[in-house]
Amino acid sequence: MYSDAKKEYAAYGIDTEAAIASLRDIPVSIHCWQGDDVVGLDGGGALSGGIQTTGNYPGRARNFEELKADIKKAFSLMPGKKRLNLHASYAVGATVDRDKYEPKHFAEWVKFAKELGLDGIDFNPTMFSHKNVKDGLTLSSPDEDIRKFWVEHCKACLHIAEYFADEFKKPCLVNIWIPDGFKDVPADRLTPRLRLKKSLDEILKLDYDRKKVIVAVESKVFGIGVESYTVGNNEFYQNYAAKNNICCLLDNGHYHPLEYVSDKIPALLAFYDKVALHVTRGVRWDSDHVVLFEDELKEIAKEIVRNNATDKVLIGLDYFDASINRIPAWVTGQRAMQKALLYALLINHEELKALQEKSDFTALMVKQEEYATLSFGAVWKEYLKREQIRENYLTEIKEYEREVLSKR
Ligand code: RNT
Ligand code: ZN
C-alpha cells in the first residue's frame, strides 16, 4: 500500500519519504493536564477560572505517581517528537505557596521527562484554582497584595523555565493565561487592563534569558461565569506582545466560532518570529474538546507547513475531557495533530500557490479537492510503523484500564 501511495504522491511532485522525515522532527508539546482533569498536585482546590471539565469517567490520576504512569502509557502510544507541557500547579512536594516555587519543585519532572527521552518541557504559571484568585481576578486585581502575589508567581515561573531550558538545552515556552473577567456588564473596562499591563511589565523586568525562555500571552474571548468581559482579550495581548517583543499564544478555542486561528497564524507570522499555539477543539461554548482530524486542524497544519514555519510556530495541545478514558483522549488528540501535519506535508504547496498567483481559481479548487482522496492513510500507516507504534491503541488501553485505571 505504501509503495503505491509513494508513486501516487510522486505524480503530484511530493516525496513521501521527505514528508515522513520532516514530521518526525516537528515537536508537539503535550499538556500534562488531560490526565487529571486539570486538578494539579499542589492542592490548590477545585478547578476555577472559567474553565471546566465535565464528566466523571473512572481512573483519574490522583497523584504524581499515577500521573507519571498514565503519561508514560499515553506517550508510548504517540508517534513523533514530544515535549511535556506542565502547569505550575504540578509542583511536586511543595510546602511553600505558588509565589515561592523553585526549580527543585520540578526536578522530579525533569528526571521523568529525560527518562522518556522528551525534547523538553514547557511551562505555565497557574493563576486559577487558588485562594488568591480574588473575585475572579489575578494580575488585574485592584487588591495590591493579590496582584503582587501573582506577579511573584510569574517571576518564579520564569526562573523555573530557565532551569528547564538549561536541563534540555532547548528553549522553554512560558505561557501566561489568566482567568480575569466579569460575569456582567462592567463599569470600567480600561482600569483592569492597565493593571494587567503594569503586572506584565513588572514580570518582564526580571532579568531572564530571552533566548532560553519564550514568554507568551494567551487571550480569550470569554469563560464560563465571566461572559461579559475578559481583561486579557485578543487586542490587548497582541498589542502588548508586539510592543514588548514577546510572543502571542493562539488557542483555537478562544475566539468566536466564525474566526479561524488558521487565518491568524500567517497574520502574526508577518510580524513575529514565533507564534505559539494551543491546539484544541471548540464545541459551542466549550473550548476544550479532544482534538480530532477535522478541517480546521488541517488548515492550521497547512499554514505551519506551507509558510516554512515549523520552527516558528510552537505547537502545544490544550484539551481536557473527563467523560471518556483520559488516555485515549490524550492519544487521539496528539495523533490528530500529527495526522494534520503529515497531511499538510503531503501537499505540493508551490504548485497550489502558483495557481493562486495566476488567479487560476478553478484549477486551485479542483486540485485542492483531489488531495482529499489521495492515499493519505497508507503514508500514515507507514509513518506509525517506522515509529514502532501500532495503529490500534484501543486494545492496549482497554487492558491498561482493566489492570490499572479501574483499580483506582
Ligand atoms: C483556558 C486556557 C488555558 C488553560 C490551561 C489549563 O481557557 O486555554 O490555556 O486551558 O492553561
Ligand atoms: Zn489554552
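The values are calculated or read from the model by the stated rules, or taken from the named source; none is laboratory data. Quick caveat: nothing in here was measured; it's all calculated off a predicted structure. Using ideal geometry, Cβ is built from the backbone for each residue, glycine included, and neighbour counts are taken over all protein chains shown. The protein model used for the area step is the full one, side chains on, heavy atoms only, and it has no ligands, DNA or RNA in it. Shrake-Rupley method; radii C 1.70, N 1.55, O 1.52, S 1.80 Å.
Tally up the residues in the range 262-307 that are of a type outside the set (Asp, Glu), within 16 Å of ligand 1 (Cβ to nearest atom) and open to solvent by less than 30 Å² (accessible area, probe 1.4 Å), please.
First, the residues of the range 262-307 that are of a type outside the set (Asp, Glu): 262, 264-272, 274-285, 287, 289-293, 297-298, 300-302, 304-307.
Subset that is within 16 Å of ligand 1 (Cβ to nearest atom): 264, 275-285, 287, 289-291, 300.
Within this subset, residues satisfying the condition of being open to solvent by less than 30 Å² (accessible area, probe 1.4 Å) are 275-280, 287, 290-291, 300.
Within the range 262-307, residues that are of a type outside the set (Asp, Glu), within 16 Å of ligand 1 (Cβ to nearest atom) and open to solvent by less than 30 Å² (accessible area, probe 1.4 Å) number 10.
Among the listed residues 390, 402, identify the single one that is open to solvent by 50 Å² or more (accessible area, probe 1.4 Å) and assigned to a loop (DSSP other than H, G, I, E, B).
390
In the range 247-261, how many are within 17 Å of the chain's Cα centre (by Cα), open to solvent by 10 Å² or more (accessible area, probe 1.4 Å) and away from ligand 1 (no atom under 13 Å from the Cβ)?
Summing the residues that are within 17 Å of the chain's Cα centre (by Cα), open to solvent by 10 Å² or more (accessible area, probe 1.4 Å) and away from ligand 1 (no atom under 13 Å from the Cβ) in the range 247-261 gives 1.
I'm trying to understand the selection: among the residues of the range 165-181, which are part of a loop (DSSP other than H, G, I, E, B) and either more than 12 Å from ligand 2 (Cβ to nearest atom) or without any contact (Cβ under 8 Å) to a residue 40 or more places away in the chain (or both)? Show your work before the answer.
Kept after step one, since they are part of a loop (DSSP other than H, G, I, E, B), are these residues of the range 165-181: 169-171, 177-180.
Hits for the range 165-181 are 169, 170, 171, 180.
Within the range 368-389, can you find the residues that are free of Cβ contacts under 8 Å to residues at least 12 places away in the same chain and of a type in the set (Lys, Arg)?
Passing the criteria: only 385.
Select from the range 5-36 the residues that are touching a helix residue (DSSP H, G or I) at 6+ places or on another chain (Cβ under 7 Å) and either surrounded by fewer than 17 Cβ atoms within 10 Å (Cβ to Cβ) or under 30 Å from residue 109 (Cβ atoms) (or both) and list them in ascending order. Talk me through it step by step, then tell me what you get.
Start the filter on the range 5-36 by keeping residues that are touching a helix residue (DSSP H, G or I) at 6+ places or on another chain (Cβ under 7 Å), which leaves 5-6, 9, 13, 16, 19-20, 22-23, 26, 28, 30, 32, 34-36.
The answer is 13, 22, 23, 26, 28, 30, 32, 34, 35, 36.
Of the numbered conditions (1) surrounded by 21 or more Cβ atoms within 10 Å (Cβ to Cβ); (2) among the β-branched types (Val, Ile, Thr); (3) under 16 Å from the mean Cα position of the chain (by Cα), residue 327 fails exactly one; give the number of that condition.
The failed condition is (3).
Would you be able to tell me the number of residues in the range 61-91 that are surrounded by fewer than 19 Cβ atoms within 10 Å (Cβ to Cβ), assigned to a loop (DSSP other than H, G, I, E, B) and within 22 Å of the chain's Cα centre (by Cα)?
1
Let's see how each residue does on (1) on the phi > 0 side of the Ramachandran plot; (2) more than 16 Å from ligand 2 (Cβ to nearest atom); (3) not aliphatic (A, V, I, L, M):
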position: 89; (1), (2), (3): no, no, yes
position: 100; (1), (2), (3): no, yes, yes
position: 103; (1), (2), (3): no, yes, yes
position: 113; (1), (2), (3): no, yes, no
position: 121; (1), (2), (3): no, yes, no
position: 131; (1), (2), (3): no, yes, yes
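If a residue must be farther than 13 Å from residue 140 by Cβ and within 13 Å of ligand 1 (Cβ to nearest atom), how many such residues does the range 221-231 contain?
Of all residues in the range 221-231, those farther than 13 Å from residue 140 by Cβ come to 221-225, 227-228.
Retained after the next criterion (residues that are within 13 Å of ligand 1 (Cβ to nearest atom)): 221-225.
Residues in the range 221-231 being farther than 13 Å from residue 140 by Cβ and within 13 Å of ligand 1 (Cβ to nearest atom): 5 in total.
Among the numbered criteria (1) more than 26 Å from residue 329 (Cα to Cα); (2) outside any helix (DSSP H, G or I), which single criterion is violated by residue 258?
(1)
Would you call residue 128 farther than 23 Å from residue 196 by Cβ and aromatic (Phe, Trp, Tyr)?
no
So, in the range 203-227, of the ones that are outside any strand (DSSP E or B) and of a type in the set (Asp, Glu), which residue ends up surrounded by the fewest Cβ atoms within 10 Å (Cβ to Cβ)?
Result: 207.
Answer yes if at least one residue in the range 185-192 is touching a Ser or Thr at 6+ places or on another chain (Cβ under 6 Å) and either away from ligand 1 (no atom under 16 Å from the Cβ) or at pLDDT 95 or above (or both), and no otherwise.
yes
Checking the condition over 30 Å from residue 390 (Cβ atoms), of a type outside the set (Asp, Glu) and surrounded by 23 or more Cβ atoms within 10 Å (Cβ to Cβ), which residue from 129, 141 passes?
Residue meeting the stated conditions: 141.
Consider residue 343 carefully, then state whether it is away from ligand 2 (no atom under 16 Å from the Cβ), farther than 30 Å from residue 408 by Cα, open to solvent by 20 Å² or more (accessible area, probe 1.4 Å) and touching a strand residue (DSSP E or B) at 6+ places or on another chain (Cβ under 7 Å).
No, not satisfied.
Working only within the range 204-252, note down all residues that are among the acidic types (Asp, Glu) and either closer than 14 Å to residue 272 by Cβ or within 16 Å of ligand 2 (Cβ to nearest atom) (or both).
Residues satisfying the conditions are 218, 251.
Can you give me the number of residues within the range 135-180 that are more than 22 Å from the chain's Cα centre (by Cα) and either modelled with pLDDT under 95 or of a type in the set (Gly, Ala, Ser) (or both)?
Total satisfying the criteria: 3.
Do we find a residue being under 23 Å from residue 157 (Cβ atoms), part of a loop (DSSP other than H, G, I, E, B), within 16 Å of ligand 1 (Cβ to nearest atom) and in contact (Cβ under 8 Å) with a residue 40 or more places away in the chain anywhere in the range 232-243?
yes
If a residue has to be open to solvent by less than 30 Å² (accessible area, probe 1.4 Å) and either among the aliphatic types (A, V, I, L, M) or not in a helix (DSSP H, G or I) (or both) to count, how many in the range 92-115 make the cut?
3
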